[in-house]
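Shown next, in structure tokens, is the structure this report addresses.
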Amino acid sequence: MDGRQYTGTRLNVFDTSAFRYQHDANRVRERFPAGAGVTVFFNPGQPKDSLLEPGIPSATFATLIAGTALTATVLVVIGRRSRRWF
């Protein structure tokens, strides 16, 4: 950008730059082979703030929804039980 070269390390918003399983790393390597052209998403005000996949990864979104549902269920159960004690 503007004749300057930047290097980024993030795949997506929640990237920790480490993979728990080899097959996950292999999938990313297949999608973004070395030397291939890719679209990079970056913050124009801070070009070092960049990533390859914008948005929330679907697995993270599903975990967030499941966690929210579980928390809501627990709160409802606790709320119902606490009314019985009074």
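Values as computed for the structure displayed
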item	result
Selected residue (criterion: most open to solvent (accessible area, probe 1.4 Å)) from residues of the stretch 41-72 that are of a type in the set (Gly, Ala, Ser) and in a helix (DSSP H, G or I)	58
Residues of the stretch 1-46 classified as in contact with a strand residue (DSSP E or B) (Cβ under 7 Å, 6 or more places away or on another chain) and among the basic types (Lys, Arg), total	1
Options 67, 55; residue that is modelled with pLDDT under 85 and under 22 Å from the mean Cα position of the chain (by Cα)	55
Residue in the stretch 23-40 that is open to solvent by 80 Å² or more (accessible area, probe 1.4 Å) and among the aromatic types (Phe, Trp, Tyr) present	no
Residue in the stretch 11-21 that is at pLDDT 85 or above, surrounded by 10 or more Cβ atoms within 10 Å (Cβ to Cβ) and either part of a helix (DSSP H, G or I) or polar (S, T, N, Q) (or both) present	no
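The values are calculated or read from the model by the stated rules, or taken from the named source; none is laboratory data. Everything numeric here is computed off the predicted structure, so don't read it as measured data. A quick note on method: Cβ atoms are made from the backbone with ideal geometry, for glycine too, and the neighbour counts reach across all protein chains shown. These area figures cover heavy atoms from the full protein model, side chains too; ligands, DNA and RNA do not enter into them. Shrake-Rupley method; radii C 1.70, N 1.55, O 1.52, S 1.80 Å.
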